[in-house]
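Derivation of every value follows stated rules applied to the coordinates shown; laboratory data play no part. No experiment lies behind these values; they were computed from the predicted model shown. Neighbour counts are summed over all protein chains in view; Cβ atoms, including those assigned to glycine, are modelled from backbone coordinates with ideal geometry.
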Amino acid sequence: MNPRNPYLNLDLVCDTTMFFGRAQLLRQIYSVIARQECVSLVGSRHIGKSSLLSTLRYSEWRGQLEDNLSHSVFIFIDLREYLHKTVDDFFTSVSEQMIVQSQGRVALARPFTSGVESFQSILSQFEKQNFYPVLLLDTFETIVNNTCFDHHFFSFLRALATGGKVSYITASIAPLITICHADIKGSPFFNIFATYSLEPFTEEEAYELITEPAQGAGRPFAEDEIEWILDLAGRHPFFLQQACRFFFEAKNKQHIRQKERVLIRRQIYHALKPFFEDIWSSLNKHQQRQLKEAIRQEVADRSLPELSESFLFRMFICNRFTIPTTEALLTVDELLRCLSIVECSNSANQLSPTSKAFEETRRRPYVPAAGLPSGDNLRHRVHPFKAKSGNLTNDDGSQLHGAQTRESP
């Protein structure tokens, strides 16, 4: 019987055995909360902010700070749908979540009022019972971008925090002061936070995420498979988890050869493509230009390593903007060879400039550019060409000579 795939979770991590890395950051956050202060977490989309917020609720991560946090109650609030909500909606919903998530620790009576009065009543009950609420406010950019939440709202939140009534841990895609609406730009609310950025995993953390769940399921990955997954995903936690998910599933069914790796890579790419689109749309213009230029020049972009280190994300950019990098062109060669979908020949047909570059690339040895991995890993690649009506196409929109296949990464 095949073991269950341990990498299936696509939402925030609620199983603490599947939470990897971030140990130092967790300690830093708990230290701030032990002083009854506030934290702002900043990171790109899908980097793990929600999972980190969720994990803060579990006492096993608190270590030596457990005694200082024994009266703290962590309440997770999902604010993804709050871009068009009102202040009353916010306080009513937060009050309800405080009641529900505090069950078993704090005996809270449901207030007869709603909105801000309800919230104040809940805070008063916490204080009387000697408990301290910590609000884990996920996707807080929806609040600071919503003009219903004005200067008075944020002044009120700030007064509660500085008065020792509550702490906030917010998660957002950028520093709050840089993404808030114009009416609250000068609010002192933004000055009460210690700000921490979520970076890509360290190599050790990425290795643990790849290896430990598979090992625990009784189907460990070989070293070359680990390197292949790391090359595809980089050190981005969600990219890694998705790559492991598809590779584990395939390994459950068959022996993985080179041809199967090409097919698995296509599966991973297409599963991640909507997330790549979401991440790309969340970047500012400067970040987008920076990434495109780094990929065009085939050098590593150190400013966004969680994206630029992922081969699959680089190929997403090559596909989107038809950038014929050396590694992307090599991918066409590999894809066509492994799937046996075309015989490349020196025909007299007219080829686009990109296809000519591809033909030249096939005939010469590859010399990696600075900042890119070398060796066998570069054979596991994804092509940059667009596909229309099930056919591979050149960058000018014409069909690649002799190619008939499904859309491929």
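General observations
- Listing Lys292, Lys253 from fewest to most neighbouring C-beta atoms within 10 Å gives Lys253, Lys292.
- Mean silhouette area of segment 22-197, derived from the convex hull of its C-alpha atoms and averaged over all directions, reads 9.3 nm².
- Cα-projected label distance for Lys128 with Phe321, points at 7 Å along beta-carbon direction, nm: 6.0 nm
- Listed peptides 258-270, 98-110 appear in the order 258-270, 98-110 once ranked by packing, highest mean of other Cβ atoms within 10 Å at the front.
- Computed E for Arg27/Ala159 - FRET, C-beta separation, R0 25 angstrom, nearest 0.05: 0.30
- Estimated inter-spin distance, Asp11 and Thr202, nm [label 7 Å along Cα→Cβ]: 3.2 nm
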